[in-house]
Amino acid sequence: MNTRALPALIHLHLFKNGGSTLDWILRKNFDRQFMEFHGETADSTLVAPDIERMIQENPDHIAFSSHHFRLPLDTITDIPVFPILFLRHPLDRVASMFEQERRMADEENDPSFSSLSDWIESAVRNRPYILCDSQVSFLARGGVYYEPPNEFCLEDATDALDHLPFFGLVSEYDVSIVLLEHQLQRWWPGFDGAYFPQNEGSRDRGLESRLERLASHLTPHAYAALLRNNKYDLALFEYARAELMTRTARIVGFSEKLDSLKQRKVMLR
């Protein structure tokens with residue numbers, strides 16, 4: 001029988017979507033009651049029964065984070081859960097993914113790392129699941145990639161997003177964190193989302209500036225391939241941005257809470 005009164009926070013940590021900063025926030029608030037949890041291999045997937053078992057086996061933990069967690073979670077009915085997910089403009093993810101993989105790769109023996117354009121074209125051909133509408137695929141199919149997503153997948157993805165109690169956007173990180181604070185303070189009144197950015201890279205330049213810089217570094221062919229293969233992720237991002245603004249507009253005193261978060265962030269420096 002479940003005796004957990006408070007929900008388990010489940011951070012679905014998508015690669016290069018600001019998840020390290022969110023983990024930092026959760027660790028700051030919950031200390032040893034925060035756990036990073038992973039499957040047996042790098043490409044493991046942990047679905048609802050695995051997540052439910054993890055929570056049951058760690059009853060003293062409040063927050064859990066993993067690259068391997070997958071939706072949906074609505075089959076977990078005996079334990080209250082609160083999923084946390086951040087999305088990112090799909091083109092904005094690209095340069096960050098490239099730099100991360102290049103740091104981990106043997107560049108001398110892998111010609112795909114000779115330029116960002118070469119890496120994109122190689123990924124589109126050989127690993128479309130990491131670069132082609134991958135966030136739509138995550139929401140609609142639990143990350144399973146057996147064919148390119150289509151308009152029906154986009155509908156499923158937006159429906160899944162609508163049913164999540166929380167989601168954030170990397171490009172609207174402070175706005176997203178104020179929404180997270182607002183929702184979690186019903187259970188943890190002292191929850192503080194002020195953060196020190198982790199693995200931030202060039203994110204401070206602003207989304208439009210980063211997108212312009214990305215386009216300037218790509219060949220026309222690579223840029224066209226990137227746009228063509230992220231048609232649905234781009235639509236998902238615009239939908240998510242509008243929905244995020246709708247949700248935050250319902251928060252009484254939102255502007256003051258956003259100012260408070262920014263002030264608390266300064267105090268961490």
For residues that are within 17 Å of GLY18 (Cβ to Cβ) and touching a Leu at 6+ places or on another chain (Cβ under 8 Å), tally how many sit in region 154-183. 16
Of the residues PHE152, PHE166, which is among the aromatic types (Phe, Trp, Tyr), within 14 Å of the chain's Cα centre (by Cα) and more than 19 Å from LEU46 (Cα to Cα)? PHE166
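Got a number for residues in region 215-267 being of a type in the set (A, V, I, L, M, F, W, C), over 22 Å from TYR173 (Cα atoms) and assigned to a loop (DSSP other than H, G, I, E, B)?
The number of residues fulfilling the criteria is 1.
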The condition of being touching a Ser or Thr at 6+ places or on another chain (Cβ under 7 Å), surrounded by 13 or more Cβ atoms within 10 Å (Cβ to Cβ) and among the hydrophobic types (A, V, I, L, M, F, W, C) holds, among ALA48, ALA95, only for ALA48
Quick check on this structure: which one of SER20, SER44 is under 20 Å from SER176 (Cα atoms) and either within 18 Å of the chain's Cα centre (by Cα) or touching a residue at least 40 places away in the same chain (Cβ under 8 Å) (or both)? SER20
Does region 205-226 include one or more residues that are more than 27 Å from SER114 (Cα to Cα) and surrounded by 12 or more Cβ atoms within 10 Å (Cβ to Cβ)? no
For region 187-199, check the following and say yes or no: at least one residue is closer than 30 Å to ARG125 by Cα and either surrounded by 13 or more Cβ atoms within 10 Å (Cβ to Cβ) or charged (D, E, K, R) (or both). yes
Search result, residues across region 16-46 that are in contact with a Lys or Arg (Cβ under 8 Å, 6 or more places away or on another chain) and not β-branched (Val, Ile, Thr): LYS16, ASN17, GLY18, PHE34, LEU46
Criterion: over 30 Å from GLU238 (Cβ atoms) and at pLDDT 95 or above - qualifying residue of HIS61, HIS89, HIS68: HIS61
Failed item, numbered, when MET104 is tested on (1) more than 22 Å from HIS221 (Cβ to Cβ); (2) at pLDDT below 85; (3) touching a helix residue (DSSP H, G or I) at 6+ places or on another chain (Cβ under 9 Å): (3)
Tally of residues being part of a helix (DSSP H, G or I) and at pLDDT below 95 across region 182-214: 11
Would you say GLU101 is buried (at least 16 other Cβ atoms within 10 Å of the Cβ), without any contact (Cβ under 8 Å) to a residue 40 or more places away in the chain and within 30 Å of GLU212 (Cα to Cα)? yes
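Take residues that are in contact with an Asp or Glu (Cβ under 6 Å, 6 or more places away or on another chain) and tell me which of the helices (runs of 4 or more DSSP H) falling wholly in region 84-175 contain 1 or more.
Passing ranges, in order: 90-104, 134-141.
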Condition broken by ASP50, with the remaining ones in (1) in a helix (DSSP H, G or I); (2) acidic (Asp, Glu); (3) modelled with pLDDT under 95 satisfied: (3)
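The values are calculated or read from the model by the stated rules, or taken from the named source; none is laboratory data. Here the structure is a predicted model, which is why all the values come from computation and not from measurement. Heads up, the Cβs are rebuilt from the backbone with ideal geometry, glycines too, and the neighbour counts pull from every protein chain shown.
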